[in-house]
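The values are calculated or read from the model by the stated rules, or taken from the named source; none is laboratory data. As the structure is a computational prediction, the values presented were derived from the model and not from experiment. Cβ sites come from the backbone with ideal geometry, for glycine too, and all protein chains shown count toward neighbours.
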Amino acid sequence: MKIATWNVNSLKVRLPHLLDWLARQSPDVVCLQETKTEDANFPAARIESAGYRSVCSGQKTYNGVAILSRTTPEDIQCDVPQFEDPQKRVIAANVGGTRVVCVYVPNGQSVGSEKYAYKLKWLAALEAWLKDELKRHPRLAVLGDFNVAPEDRDVHDPKVWEGQVLCSEPERRAFRRLLELGLKDGFRLFDQPEKSFTWWDYRMGAFRRNLGLRIDHILLSPELAAQCAGCIIDREPRTLERPSDHAPVIAEVSA
DNA sequence: ATGGCTTGAGTGTCAAGA
């Protein structure tokens, strides 16, 4: 089973890229972030024509998440339970025998800002919830845009980014706490090229110069990690005209 | 030069992303 995550930065703009990519990669499950569309406008019919069922949790202008699947997603849950949040950042569903959680972690804007405090609170709520979810679902996968570069090797220039949002120690600590629940960073289960990133700023030719960060992740429960055969970043969609600023991440796990 | 692009909203120009 091929599972993937992609921050599309507007599903409306990126739908042609998404449909081409689905045809090329043929993933079984895809988690999308920053769909930026209300559920009433979600392009479910065109995605269905491409061979995928979908569930979504969106809002106008900002945020928005969705899960696409070859089989029908079941037991759908939106939002982190018992965490009041008007922003649509979480959707979870069972796909086959696997619990799939799609997350769009807040950006945090800048260290010390209100949005940064919200990000840390949000990550703490996610951690508490996933601790329970791991007990309930031995086959748990958490995929999404975590807006955290876990280590210096996930940053093109650690000196420039030191202490900045996405790289600050409190954010990295929050990410490590997810790993300490037992979740594994799928990408790091394997040898990977140096300077592997999933996001590049639109400005300053950052992609061409590979000035990026690795902030999109696939976390796997111990059982899924043991059955994971590979995990890669697909840079190809980032090379297209009018790309998302994020590249998809894909993992192969036994069905 | 807290700029540089891109998107959505909405029609002038700003918020937000990371």
- Message: Take the conditions over 25 Å from A:LYS115 (Cβ atoms), away from DNA strand B (no atom under 14 Å from the Cβ) and acidic (Asp, Glu) and apply them to A:GLU223. Does it pass?
- Response: yes
- Among the numbered conditions (1) part of a loop (DSSP other than H, G, I, E, B); (2) more than 25 Å from A:ALA225 (Cα to Cα), tell me where A:LYS115 comes up short. (1)
- Failed condition for A:SER26, given (1) closer than 17 Å to A:ILE250 by Cβ; (2) within 16 Å of DNA strand B (Cβ to nearest atom); (3) of a type in the set (Ser, Thr, Tyr); (4) surrounded by fewer than 16 Cβ atoms within 10 Å (Cβ to Cβ): (2)
- Restricting to the range A:29-70, what's the tally of residues that are touching a Gly at 6+ places or on another chain (Cβ under 9 Å) and surrounded by 19 or more Cβ atoms within 10 Å (Cβ to Cβ)? 16
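Rundown of residues vs (1) closer than 18 Å to A:TRP6 by Cβ; (2) part of a strand (DSSP E or B); (3) of a type in the set (A, V, I, L, M, F, W, C), yes/no style:
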{"site": "A:GLN164", "(1), (2), (3)": "no, no, no"}
{"site": "A:GLU171", "(1), (2), (3)": "no, no, no"}
{"site": "A:LEU179", "(1), (2), (3)": "no, no, yes"}
{"site": "A:ARG188", "(1), (2), (3)": "no, no, no"}
{"site": "A:PRO193", "(1), (2), (3)": "no, no, no"}
{"site": "A:HIS217", "(1), (2), (3)": "yes, yes, no"}
- Item | Subset of the range A:94-112 that is more than 18 Å from A:GLU34 (Cα to Cα) and in contact (Cβ under 8 Å) with a residue 12 or more places away in the chain - its residue that is nearest to DNA strand B (Cβ to nearest atom) | A:SER110
- Query: Is it true that some residue in the range A:119-135 is within 12 Å of DNA strand B (Cβ to nearest atom), closer than 19 Å to A:VAL249 by Cβ and at pLDDT 95 or above?
  - Reply: no
